[in-house]
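Coordinate-derived values only; no laboratory data. The model shown is predicted, which means the values in this text are computed figures rather than measured ones. Here Cβ is always computed from backbone atoms with ideal geometry, including for glycine, and neighbour counts include all displayed protein chains.
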Amino acid sequence: MSIFNYFKKDIGIDLGTANSLLYVKEKGIVINEPSIAAINNKTGQIVAVGEEAKKMLGRTPSHISVIKPLIGGVISDFEMTQEMLRHFLRRNNNNGFFNYYRAVIGIPPNLTEVERKSVEDAVVNSGAAKAFLVEEPIAAALGTKLPIDEAVATMVVDIGGGTTDIAVISMSGTVISRSLKIAGDKLNDDIIRFIRDEFKLLIGEPTAEELKKAVGSAIPLDEKLDFSIRGRDMGTGLPRETVIKNNHIRVATGKSLKFIIDSIKEIIEKTPPELVGDIYKNGIYLCGGGSLLRGLDKLIEKEIIVPVMVIEDPLTAVVRGTGVIAENIDKYSHLFVTALKPLDINI
């Protein structure tokens, strides 16, 4: 091993709408923080990134903006995404020695060429020497040690913050896939709208997220769950507190969950018959933060009549997959969306 290779650290990145995770070769997952940044509009300086910026949501003065640079799995604010990534890379590289990276990034399926290029550019401009893209369902399956190299169907449903990615994988490739703009953030919006319409109470996204985690479920529960929330009364404009029950959240999110299930059905209907037989036998694997909604696996299993399993540690499945690739980029280069090219090309 040359001294150059010693200082070269390849990395895996899960650049998610809700959270960004960073895996460093031979070290493991070193960053797991919200994909949020706060900027001072007067000076143009970054005030906070990640967890610190999330605490500021809905609580900042007019001269500070809290920005989510990724919406629906796609970069919506290129410069802020670049600064956020640069911050995460610098935080991991305190001594300044490991300043050469090859980065493996998970992306949703079916991105346009322009959207893919924006991800590559953001990662390279933030400090990486090379950027290689892999579809998130493939990365999640690899991180879960599912048999993606075999001629057997592996169906993965990755329910993240901005997108739900549905894919049938066989022989290291995606047979059929679909990316929906309905995921965790949409469920939060559904809850905000329901509370506004039914209880005449205005709440913010952090409260909706907390409410979803505390009492949300996809199916009726035996236990009675309720949660007290505070917001602004639409009639008086004054603060008010009310109690929300589990069935309220189920009604609020029901339409979006049905759309996800109908999309899973459509993908199965378009899958080759032999692979459908494999799905019936092996089941569907759920990952991403949205898969943690109580009873979601049971609801999908009931509707589709196929075994459904939430994989172990679903929040980190994608970054673990990109980390597996980062440990041996040459071995897994066939999984990249674009072919791996030599670092130096003589024309």
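Maximal additional length on extending the H63-K181 stretch stands at 39.4 nm, based on 0.36 nm per residue less the C-alpha distance.
Per-residue ellipticity at 222 nm from helix content only, as computed over the chain with -39500 (n - 2.57) for each DSSP H run of at least four residues, stands at -11000 deg cm²/dmol. Normalised by the number of residues in the chain, the mean separation of alpha-carbon contacts (under 8 Å, six or more apart) gives a relative contact order of 19 percent.
If the viscosity is 1.002 mPa s and the temperature 20 °C, what translational diffusion coefficient in µm²/s does Stokes-Einstein give for the chain when Rh comes from Kirkwood over Cα pairs? After rounding, the answer is 101 µm²/s.
For the residue pairs K186/K270; K54/K200; K213/K270; K130/K270; K213/K255; K54/K245, alpha carbon separations beyond 28 Å are given by K213/K270; K130/K270. Once R0 is set to 35 Å, what does the formula 1/(1 + (r/R0)^6) return for the Cβ-Cβ distance between E327 and E79, expressed as a FRET efficiency to the nearest 0.05? With a Förster radius of 35 Å, E is 0.65. Under the rule that an exposed site lies in a DSSP loop and has at most 15 other Cβ atoms within 10 Å, name the longest stretch of the chain with no GluC sites (Glu not before Pro) of that kind, not counting the sites themselves. The reported range is 27-149.
Residues whose amide H lies under 5 Å from that of I169, counting only those 5 or more places away or on a different chain, are T154, M155, V156, V175; hydrogens are built 1.01 Å from N in the peptide plane. Ratio of Rg to Rh for region 95-166: 1.05 [Cα atoms; Kirkwood radius as inverse mean 1/r over pairs].
Among the listed pairs K212/K281; K25/K265; K302/K331; K68/K258; K25/K212, those with a Cα-Cα distance over 30 Å are K212/K281; K25/K265; K302/K331; K25/K212. For region 301-315, putting each phi into the Karplus relation 6.51 cos²θ - 1.76 cosθ + 1.60 with θ = phi - 60° gives couplings of 4, 5, 6, 9, 6, 9, x, 10, 10, 8, 5, 5, 6, x, 5 Hz, in residue order, rounded to whole numbers and with x for Gly and Pro.
Between N40 and K258, the modelled labels are 5.0 nm apart [label points 7 Å from Cα along Cα→Cβ].
The three principal axes of the C-alpha atoms in region 233-281 carry coordinate ranges of 60, 17, 11 Å, sorted with the longest axis first. Sparsely packed loop sites in region 267-331 (the trypsin sites (Lys or Arg not before Pro) outside DSSP H, G, I, E and B with at most 15 other Cβ atoms within 10 Å) comprise K331.
The phi-based Karplus calculation (6.51 cos²θ - 1.76 cosθ + 1.60; θ = phi - 60°) puts the 3J(HN,Hα) values of region 138-151 at 5, 4, 5, 5, 5, x, 9, 6, 7, x, 6, 7, 8, 7 Hz, whole numbers, x for Gly and Pro.
Shown here: region 152-283, whose C-alpha atoms stretch 60, 30, 19 Å along the first, second and third principal axes, sorted largest to smallest. Here the simple spin-label model places points 7 Å from the Cα toward Cβ, and for S228 and V243 these points are separated by 1.0 nm. Counting other Cβ atoms within 10 Å as a rough exposure proxy, the listed residues V114, V215, V168 run V114, V215, V168 from fewest neighbours to most.
Measuring max minus min along each principal axis, the C-alpha atoms of region 184-252 give extents of 36, 23, 17 Å (largest first). Relative contact order for region 184-252: 32 percent, from Cα pairs under 8 Å spaced at least 6 residues apart, divided by residue count.
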